[in-house]
Structure formats: C-alpha cells, structure tokens
Amino acid sequence: MHPMWRAVGRGRRWWPPPPAGRPAAAAVAAAAVAAAASPATAVPPVVPLAAAAAAATRAVSSVGAGALFPPSPRRRHHPPQRRQAAGGATPSPLGGGRRGLCASPSPRDSAAAGGDPPREQLEYDVVIVGGGPAGLAAAIRLRQLATAAGGTPDLSVCVLEKGDEVGAHILSGNVLEPRALDELLPTWREDGAPTGVPATEDRFVYLTRNRAVPLPTPPQMHNEGNYVLSLSALTRWLGGVAEEAGVDIFPGFPAAELLLTDGSSVGPLSAAAARGRPRGGGVGVRGVVTADVGVAKDGSRKGTYAAGTEILGRLTLLAEGARGSLSEAAMAAFDLRADADPQTYALGIKEVWRLAPDAPHVPGRVWHSVGYPLDADTYGGSFLYHMDDRRVALGFVVGLDYPDASLSPYGEFQKWKAHPAVRPLLEGGEVLQYGARVLNEGGLQSVPRLAFPGGALVGCGAGFLNVPKIKGTHTAMKSGMLAAEAAYASLTADGAGAPATSPDADAAAAAPLCMDAYDDSLRASWVWDELRAVRNIRPGFHRGLLPGIANAALETYVTRGRSPWTLRQRRPDHAATRPVAPAGAAAGAPPPPPRKRYPKPDGKVTFDILTSVALSGTNHDHDSPAHLRLLDDTVPARVNWPTYGGPEGLYCPAKVYEYVDVSADAAEPGAAAAAAVSAATAGAAEGAAVNDHTAAPTKELIINAQNCLHCKACDVKDVTQNIKWTVPERGGPKYTMT
C-alpha cells in the first residue's frame, strides 16, 4: 500500500471507526488541531498538519462529528467511494465532515508495468502541486469562492507538497509586502499569523574590499509597511488556514510526472523529447502521479515498494516555485515559452543567526549591498534583515548568468561575511539555520504563456519576481488568487462537466478545461503593471555593474518605467559560462588551475560547506536512486571537467557534486566512491579551490544526492544541460525560520 493511502485512509476517509468508549481521543485531536493552527513563535514548532487532521478524524469517528466540529451550513458533502480493481464499488465512512472523493485503479498502468497491480487513483476537482504561498493562496481562494456560492458546487481541492511538512522547503529573504495577503485574508494580522517585525529603516551600500559606501536607497527598495519575517513560518500558518477552509494537504508526496489525456505522461526526463511535439486533438493535463516509494539505489524493489498514486484533477495548477520540475515539463510539452525570452535565475544562499547580546541589533532594519566580493561582470548583492529575538536573516545572491566557471557562490558568500562592515555584527553569534534556493530574475520578458489545456502555471514557477524590489511573494500569491478565480469560472461554466466528487464524474467532459482567462486577468492586474515598470532594470546589468547602475537610475528616475524600448534576455544562464581550457587544447588534457581562490573558513563567521549543510536539516534515503540524473554519464569527465574545470563542484551550495581522481586502469566498481570518501575525509574542498585541477589522470563525477537542498542551481547552470533535477521519493531540507 502506498503511504498516501495510509495517510488518506487513516486520517480522512476509509479507516474503520475505532471502538466506542475512547473520549480521550477528542482531547488529543483538539490539541493537535490547535497546535496546527496556533501562531508561530520565534522558533515555531513544526506541526505535522496531516497528522493533526488524522488525529481529529479518528477522534470524530469515535465520539461523533458534532463533539468537535459543529455542522457547517456552508459546505455540501458527497459520500466517498473507493472502487476496487475488481468487485465493484465499496462505500466507506466519511470522518470529520470532510468532502468525499473517488479512488480507483488506473486502467493504463497494469499493462505498462508488465502485470504489476494498477496504480491507485484519487480524484479532485483541482489538484495543486506545491504547498508554498502561491499554491496555498490558490487553494484558499478556491474554497472562498465555493463558500461564497453557498457551497454549491462543493469543489474539492488538494495540495501536494514534496516537503515533509508545509513550509519545510520554503526559503526567502524575507521582507514581505502584504498587498496580496491583505486581499486574500484581510484579518491575517489579527488571526494569529507570524507577522515578524515591521520594517523600520532601509540602508543601501556599495562595498569595496574594506569600506561600505552609503548610497541613496532606490524607491523600489523602500519597505515602509512591510514585515521582516520567516516565510517558512508564514507558509505553515497558511497551510492551517487552507485546511480549515476544507483543502486536503498531503505533505511528503512529491509529484513526479504530469498525466496527459491521451494516456501518456511527461516529466523532467521526458520533457526534452516532448518539446514541440504537436498537442492537437484536445490533449491536455488530467493530473499528476506521485513518486514511487521503496525503490533501492540499484533500482530493485524493496519490501516497502509501492507504485505512486495518480491524483486526477479536472484542473491542475503547478505552483512548485522557481525551476519547478513539472512546470518545466509543461512548458516544454505545450511550448509555453514560444513567445518569451529565456528565463534567467540567481542563486540565493541564506543563514539565520542569533546575535551576541552586545551586538547592535535593530529589529526591522533592512540592509542591502552591491559590489564586493563580486567582480564587475557578475550580478548580485547581499541582504541583512534584523528579525525579532536577536535574530538576523542574512544572505548573498549571485546571478547565475555569471561567465567565470571558477566562481563559487558559496565562497563569495563567505568572503562577504568576512567584510569589515559585516563581520563585527556576527562575531560571538550563532548560526541557527542554513539554506539555498534559486530565484527567477527574468521579469516580464521571460514570463511564459501561463495556461495550458487542463491547468496553468502559478507563482515563481512562471517567474513573477520584482527584481529591483527583491520581492516575489506578493506577486506569486496574487497569481495564485487569479488562477483560482479563473479555475473556478472554468469549473462552474455551463458544459464544464460533473464535479469529480459526484456520481457522474466518469461522464465528465473528456476535453480538458481551458484557463486562458487566467493569462488575461494576470496581464490586467497590478502584478503586470509592477513588472512592466521595472522590466529593463535587470537586463541592464548584462553589460556590467556600472552600466547596470546607470541604466537602473535612468529607468527609475527619468523614464519611470515608461521607456519606449524593452531590453531582452538573450540567452539561458548556462550558455554564459566561458570555457577555461584554451582553444586548441589537447583532448583529455587537464584544465588550468582555477582563477578564483577562497580563504580557509575560520569556523566562527565563515564555515565549510558541510558544516553549513548540517544546519539545513536536509536528508534523503541513502538506499534510493539519486534524484539528480545525468542524461549521459560520460559528459562530466569528457566535457565538463576538461573544458570548464568541473563547475558542478563550485556552483552547488551543498557539495553534492565532487570530481574525484580515478586511475585509468582502476576497474573496481567502488573505486570512485572510495576516492570520494577519501577526498571528503581529507577536507579537500576548502582553503583553496573547491576542485583540484592540478592532478589526476582520470576524473569521475560523484553525486552526493543526500546533501541536496533542492535549490535547483544544477538544473539551471549545468553547462551542457546534462543534469536533470527530479523529485526524490521524499526528503530534502527542513526549514523552520528561513
């Protein structure tokens, strides 16, 4: 049995009611639900939302629904059904007054799997992939619309979140602009949301090697009315709001592939083959399939194996965040980027510190810098936000269109922390958490077509970050709300077919529903106005720091975003990387030593990568296939190492990728792994270059997938686009205050 069935069955649908005479269960369930909905503290506890709902449902089954949840006139409930592979329909009890759903085996799967049992199926009206701010905003807005309509039709909504808990994979600066949240939940401040502290002052400086030169703060970076907070904590709170509204949330269940109405599927590995493939005849998305579980590292099936569950939806919203794997697959399959510039990304690396008692802590202070340690060809800068409880959120952002293959974003971050303007603040303090994530920086020019047959792209997966503001949560949430409104209109339109929870669900219209109205509404919204006004600022930095600053001043103070021209994003980030090997170098010759060198960390303010990764809480099953896949195993040693110096070991902020020495005649299968262990034990990465380019007759790339922070930098920056990020069975970071 797939773990989803245990989660759904026990917590929500088909687990038999417990025997009578267990009144204590009600108290346990009430406490669990209260904990899930309680406001987050400075270091909020991670509450398993599904477990809380499960405890509540078991308690309701034993003491009666009215004991915990009074009858609600706003929702209409349908009896659930679970259809077995053989034997007809089997009705089951519905605990806790939840809406029903249908579950059935997939008719296409048994033949494809060579006689394996068919995949189980769940059916919803709307399936949302990604439990971040955009996905949760969409889910909440859908339930608000259904409630406002008197509960008819009672649309069923589910959210699939790959993190073990809602918010566990959320990382952002974060100074929140509350515009979208005010529209979605006007009383969020009074309702117990973790508001952090109001922003009180803004500082913007240019760093030289030893000085910090104050600059005027651009108007886009003024933060009056904004909040310095943990986006991870706010997302957990939004998850509780969504569940209270009637949304089913499944944390720990990553969506691996899109299911299409022609019976095929598409995912990260098949997206390239799907690019440009004709999609005539009304082919669209009909849902997703979750990752298989219980697969060993060698590909064999363990005793815990279970095939992924097909989650079918009349509409599927992809809200995975920047460089989402299914979002990229949908863009390729439906050619959504045909009229858009290539997306450009940056890698943000973040730490949360608790400062020493005598450190100058000013809650609400917002500090940004440009300049040192980056060179003039590299876009980026720093942030330092004073939170509550003597905490500061600090980090460094590097545009991934940098040309120098020897640059390490992590190394640049450590150099920045050692700057005389930063180091005194951190000395004597303690690092509480570490993480990294890519962010979209392409702006309006790089936004793809949003709607595809049967669904749409939502949030940062499409790319709504306002780069000069250094903010994207408000625009991502607004996109989710607009997508929800378009989805609701499509689902309730005449001829849209029966709801998934109705007995006539199988007779619903076969043609995928259309969400083109979402594209139109977003382009008519304040999100588009905001992006249009700043569209030329980020592309202006392609010519360097000083030309970029001059162009930003022109766009901000002279044309005010109304320039009659639009600067373009000409190439993807990986294409900007320059080879390090000289032209005409002999094939197989080792590359020259890297140009950039990084100081040895001191263990007080600067740290080696593995020490930092330990503070992310990241974890993956060692006995499972690596979710970082190489399309061609020979490319790293044949191209990436000799031509580019092995940049994988430099741009990754978690030491996932290592090139190790393997003698040419080494035939033992474990030779490369043993060499990797030896290199890690020796601590070869820090104190010089991350990769040693001065020796080794043969190099082999080792992938330490268990370290992965799910930042997606490799998927973006790999020079040959040979690395494909796919969802693991489960795992990843466990952020609580980022």
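Please verify whether Leu215 is of a type in the set (A, V, I, L, M, F, W, C) and within 25 Å of Val527 (Cβ to Cβ), treating the condition exactly as stated. So Leu215 fails the test. Please find, within segment 518-534, the residue that is surrounded by the fewest Cβ atoms within 10 Å (Cβ to Cβ) out of those that are touching a strand residue (DSSP E or B) at 6+ places or on another chain (Cβ under 8 Å) and over 16 Å from Gly472 (Cα atoms). Across segment 518-534, the extreme among qualifying residues is Asp519.
Of all the residues that make up segment 535-547, how many are open to solvent by 20 Å² or more (accessible area, probe 1.4 Å) and of a type outside the set (D, E, K, R)? Quick ask: steps written out before the conclusion?
To start, the set of residues in segment 535-547 that are open to solvent by 20 Å² or more (accessible area, probe 1.4 Å) comprises 541-543, 545-547.
Remaining after also requiring of a type outside the set (D, E, K, R): 541-542, 545-547.
Qualifying residue count, segment 535-547: 5.
Every test in (1) over 23 Å from Gly443 (Cα atoms); (2) touching a Pro at 6+ places or on another chain (Cβ under 8 Å); (3) of a type outside the set (A, V, I, L, M, F, W, C) is passed by Pro342 save one, and that test is (1).
If I ask for residues that are open to solvent by 30 Å² or more (accessible area, probe 1.4 Å), at negative phi and either polar (S, T, N, Q) or touching a helix residue (DSSP H, G or I) at 6+ places or on another chain (Cβ under 9 Å) (or both), which ones from segment 190-201 would you list?
Within segment 190-201, the first condition is being open to solvent by 30 Å² or more (accessible area, probe 1.4 Å), and the residues that meet it are 190-191, 195-196, 198, 200-201.
In the following step, the residues that additionally are at negative phi were identified as 190-191, 195, 198, 200-201.
Answer for segment 190-201, where residues must be open to solvent by 30 Å² or more (accessible area, probe 1.4 Å), at negative phi and either polar (S, T, N, Q) or touching a helix residue (DSSP H, G or I) at 6+ places or on another chain (Cβ under 9 Å) (or both): Asp191, Thr195, Thr200.
When every residue of segment 216-228 is checked against the conditions, at least one turns out to be among the polar types (S, T, N, Q), open to solvent by 10 Å² or more (accessible area, probe 1.4 Å) and not in a loop (DSSP other than H, G, I, E, B).
Here Arg209 fulfils each of the conditions (1) open to solvent by less than 50 Å² (accessible area, probe 1.4 Å); (2) farther than 25 Å from Val127 by Cα apart from (1). In segment 367-412, the qualifying residues are those that are touching a helix residue (DSSP H, G or I) at 6+ places or on another chain (Cβ under 6 Å) and of a type in the set (Gly, Ala, Ser), and the one that is modelled with the lowest pLDDT is Ala376. Count of segment 702-717 residues, restricted to those that are within 24 Å of Ala575 (Cα to Cα) and touching a Leu at 6+ places or on another chain (Cβ under 7 Å), is 7.
The values are calculated or read from the model by the stated rules, or taken from the named source; none is laboratory data. Fair warning: this is a prediction, and the values are worked out from it, not measured in the lab. All Cβ positions, even for glycine, are placed from backbone atoms using ideal geometry, and neighbour counts span all protein chains on display. Please note that ligands, DNA and RNA were not included when accessible areas were found on the heavy atoms of the full protein model with its side chains. Shrake-Rupley method; radii C 1.70, N 1.55, O 1.52, S 1.80 Å.
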